[in-house]
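Just below is one structure, and these are the notes that go with it.
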Amino acid sequence: MDFSMKEYCLGNIPGICERQAEQFSAYFHMLIDWNSRMNLTAITEPLQVAQKHFMDSLLPMALIPENASVIDVGTGAGFPGVPLAIMRPDIKLTLLDSLNKRIIFLTELCAALRLDVRCIHARAEDGGRRAELRERFDIATSRAVANVSALAEYTVPFLKVGGASLMYKGPQAPDELASGKRALELLCCEAEIHSFPAPWGERTVIALTKQRPTAPAYPRKAGTAEKKPL
């Protein structure tokens, strides 16, 4: 039986409308088309894309306040940012990635889906020092980017005080969080783990809430966060 991305999304994503289901369908087809020419994703089977990319991206949607400014750091092919923008048109989304050809794809994707999204080509360490981006966002998201210590250094500088960095993780989240304790102290964050049951695997989101402004020393220069974790 042929798989219909639109019908699957309509039947499995709570609160979705027909237009949003059509956007997910268009997203899937553009993703597969562009993936034939550049490396965007290893997951290409329709059901797996629907679950492991689209629905997975939406798991912590309730943690994002209404009308929040959101930056998706290391967005890659647009996950989790674009699915969140489809389902939450109230948010103001910025997609940030270090590879310009991915930004070209995302710019064309968002135009095709009629999403009002800003796409920026920059490394997280450089973006976090830019005046127009530093401490400007309510929420930062990151998925399949790095460990907690590095991710905290990548994402927290973008946040306003009181904002939250949402890190998409699997069952290893508690261990990662324990190993990143010093980074959280230096970056003035408090952590909470949220678990989400999902048929495609055990999923957790680590939410780091920023308590005080980020010290001028962070983020350090490009490449340092992973080579010399805090």
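The values are calculated or read from the model by the stated rules, or taken from the named source; none is laboratory data. Computed from a predicted model, the values in this text were never measured in an experiment. No Cβ is skipped: glycine too gets one built from the backbone with ideal geometry, and neighbour counts run over all protein chains shown. These area figures cover heavy atoms from the full protein model, side chains too; ligands, DNA and RNA do not enter into them. Shrake-Rupley method; radii C 1.70, N 1.55, O 1.52, S 1.80 Å.
Which of 141, 4, 58 sits farthest toward the positive end of the charge dipole of the chain, with +1 on the Cβ of Lys and Arg and -1 on the Cβ of Asp and Glu?
141
In square angstrom, what is the accessible area per residue of the chain with a 1.4 angstrom probe? Numbers along the way, then the final one.
Working: 10550 Å² over 230 residues.
Result: 46 Å² per residue.
About its Cα centre, what dipole magnitude does the chain give when the only charges are +1 on Lys and Arg Cβ and -1 on Asp and Glu Cβ, stated in debye to the nearest 20? Walk me through the intermediate numbers first.
Values: 27 positive and 26 negative charges, 178 e Å.
The calculated dipole for the chain is roughly 860 debye.
Kindly work out what percent of the DSSP beta bridges joining two residues of the chain are antiparallel, to the nearest 5. Write down the numbers at each step before the final one.
Details: 14 of 33 bridges.
Counting only bridges with both partners in the chain, antiparallel ones make up about 40 percent.
When the chain is modelled as a GNM with alpha-carbon springs shorter than 10 Å, which of 28, 196, 79 fluctuates the most?
In the Gaussian network model the winner is 196.
So what is the relative contact order for segment 128-167, in percent, with contacts set as C-alpha pairs under 8 Å and at least six apart?
Numbers: 57 pairs, mean separation 21.1, N = 40.
Reported relative contact order: 53 percent.
Take the chain, connect every pair of alpha-carbon atoms lying under 10 Å apart with a spring to form a Gaussian network, then pick out the residue of 201, 74, 163 with the largest mean-square fluctuation.
Per the Cα network of the chain with a 10 Å cutoff, 201 tops the list.
Would you check the chain for Lys pairs whose C-alpha atoms are within less than 18 Å, ignoring same-chain pairs closer than 8 in sequence, and give me the count?
Final tally of qualifying lysine pairs is 8.
Just to be sure I follow the definition: excluding the sites themselves, where is the longest run in the chain that has none of the GluC sites (Glu not before Pro) in a DSSP loop with at most 11 other Cβ atoms within 10 Å?
Numbers: sites that count: 66, 132.
The answer is 133-230.
What FRET efficiency comes out for the pair residue 190/residue 135, r = Cβ-Cβ distance, R0 = 22 Å, nearest 0.05?
Working: r = 17 Å, r/R0 = 0.78.
E(calc), rounded to 0.05, equals 0.80.
Taking only C-alpha pairs under 8 Å that are 6+ residues apart, what is the relative contact order of segment 28-107 in percent? Could the numbers behind the result be given before it?
Working: 81 pairs, mean separation 22.4, N = 80.
Taking the mean separation of contacting Cα pairs over the length of segment 28-107, I get 28 percent.
What does the accessible area of residue 34 come to, in Å² to the nearest 10, when a probe of 1.4 Å is used?
Ignoring ligands and nucleic acids, residue 34 comes out at about 40 Å².
Determine the calculated [θ] at 222 nm for the chain from helices alone, applying -39500 (n - 2.57) to every DSSP H run no shorter than 4 residues and normalising by the residue count; nearest 500 deg cm²/dmol. Could the numbers behind the result be given before it?
Numbers: 9 runs with 76 residues, N = 230.
So the helix-based figure for the chain works out to -9000 deg cm²/dmol.
Work from the charge dipole of the chain (Cβ charges, +1 for Lys and Arg, -1 for Asp and Glu, about the Cα centre) and give the residue of 199, 124, 94 farthest towards its positive end.
Comparing the listed Cα positions along the dipole, 124 ranks first.
Can you give the relative contact order of the chain as a percent, counting alpha carbon pairs under 8 Å and 6+ residues apart? Could the numbers behind the result be given before it?
Working: 415 pairs, mean separation 35.0, N = 230.
It rounds to 15 percent for the chain.
Among 218, 168, 154, which one shows the highest mean-square fluctuation when the chain is modelled as a Gaussian network with alpha-carbon springs under 10 Å?
Looking only at 218, 168, 154, the largest GNM fluctuation is found for 218.
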